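The values are calculated or read from the model by the stated rules, or taken from the named source; none is laboratory data. Worth saying up front: this structure is predicted, and the values here are computed from it rather than measured. All Cβ positions, even for glycine, are placed from backbone atoms using ideal geometry, and neighbour counts span all protein chains on display.
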Ligand SMILES: NC(=O)c1ccc[n+]([C@@H]2O[C@H](COP(=O)([O-])OP(=O)(O)OC[C@H]3O[C@@H](n4cnc5c(N)ncnc54)[C@H](OP(=O)(O)O)[C@@H]3O)[C@@H](O)[C@H]2O)c1
């Protein structure tokens, strides 16, 4: 209780000072579709970013060039972690164990990962609902403060739905076990153009996982049936999406029931998403 109070006091003082005065550099472990979208949003909001992927710094040159002086490629993970005020881990869940628990001790780590099981990839504890995917990440990074965020918006709309004006902003859910970390992350998210709702602990984060009412669809335009692939693509990429208010987002989370089998299925996403995913993956930085 006393610790919660202390955490809240610290968070309030950081909020008062302004997160952008306290948090200047965001380290990315994973810079694919979601990582690139977030790097663009954070640079646009005035933060520095340090980017890492599995192929090494050279492969990130085009993105670094696009982002300008606020972005650099990390030479190694340890250095990125020590130079960053907060870490985002937009990795395939299969690879979460590459996150170095000792080096990340004490850090806030934003977890964007989702469980999409395949014939070759299953995690028994997730299939059996023993843990949520973010609890698994927290168990691995036992001394870090995990905040689940950005996981429920498709990569294209994560960038295009962000709005500066408060009235036009849509709402994304966050979850975590550390109140202080959640407040910091919520403030950061506001700076890049979203409202947030706190959906509770990592245990409760199944309420926003793949297949739930607040997952993906509220952030993407509806694509009518019977139109050509070209028309669908145009709508998918260009049509503005109606923002979700905080109360609408809360309603979507509240009406969630747990469904089995657990995990997302790529084949259930709209074709326009799949083809954009394939197209962007092909010309990946
Ligand atoms: N795509 C979406 O619309 C979306 C939306 C919300 C949440 N998510 C979730 O966010 C996570 C990332 O998704 P994504 O679509 O951005 O995936 P992605 O495009 O495949 O990017 C994954 C990134 O992780 C990097 N990576 C993989 N292994 C690594 C390692 N050992 N060390 C350092 N970096 C490593 C990859 O490096 P390389 O670039 O060198 O391959 C790549 O940069 C997933 O868990 C996904 O479920 C995705």
Tabulated pairs, the range 21-40, first closer than 20 Å to residue 103 by Cα and assigned to a loop (DSSP other than H, G, I, E, B), second within 11 Å of the ligand (Cβ to nearest atom) and modelled with pLDDT under 95, C-beta under 8 angstrom, 6+ apart or interchain: 31/285
Could we say that residue 188 is under 22 Å from residue 263 (Cα atoms) and in contact with a helix residue (DSSP H, G or I) (Cβ under 9 Å, 6 or more places away or on another chain) here? no
For residue 277, all conditions in the list (1) away from the ligand (no atom under 14 Å from the Cβ); (2) in contact with a helix residue (DSSP H, G or I) (Cβ under 9 Å, 6 or more places away or on another chain) hold save one; what is the number of the exception? (1)
Given the condition assigned to a loop (DSSP other than H, G, I, E, B), closer than 25 Å to residue 132 by Cβ, free of Cβ contacts under 8 Å to residues at least 40 places away in the same chain and more than 14 Å from the ligand (Cβ to nearest atom), answer yes or no: does some residue in the range 168-182 qualify? yes
One residue is enough: does the range 246-253 have a residue meeting the conditions in a loop (DSSP other than H, G, I, E, B) and in contact (Cβ under 8 Å) with a residue 40 or more places away in the chain? no
Among residues of the range 100-123 being in contact (Cβ under 8 Å) with a residue 40 or more places away in the chain and touching a strand residue (DSSP E or B) at 6+ places or on another chain (Cβ under 6 Å), the residue surrounded by the most Cβ atoms within 10 Å (Cβ to Cβ) is 111
Might you check whether a residue that is under 30 Å from residue 23 (Cβ atoms) and in contact with a helix residue (DSSP H, G or I) (Cβ under 8 Å, 6 or more places away or on another chain) occurs anywhere in the range 219-233? yes
Within the range 205-237, how many residues turn out to be surrounded by fewer than 16 Cβ atoms within 10 Å (Cβ to Cβ) and either assigned to a loop (DSSP other than H, G, I, E, B) or touching a strand residue (DSSP E or B) at 6+ places or on another chain (Cβ under 9 Å) (or both)? 6
Failed item, numbered, when residue 215 is tested on (1) under 30 Å from residue 167 (Cα atoms); (2) more than 19 Å from the chain's Cα centre (by Cα); (3) modelled with pLDDT of 95 or more: (2)
Of the listed residues (10, 94, 65), the one being more than 12 Å from the ligand (Cβ to nearest atom), surrounded by fewer than 20 Cβ atoms within 10 Å (Cβ to Cβ) and modelled with pLDDT of 95 or more is 65
Looking at the range 48-104, what strands (runs of 3 or more DSSP E) fall wholly within it and have at least 1 residues that are over 24 Å from residue 181 (Cα atoms)? 71-73
Working only within the range 136-151, note down all residues that are touching a helix residue (DSSP H, G or I) at 6+ places or on another chain (Cβ under 8 Å), surrounded by 23 or more Cβ atoms within 10 Å (Cβ to Cβ) and either assigned to a loop (DSSP other than H, G, I, E, B) or touching a residue at least 40 places away in the same chain (Cβ under 8 Å) (or both). 137, 144, 146, 148, 149, 150, 151
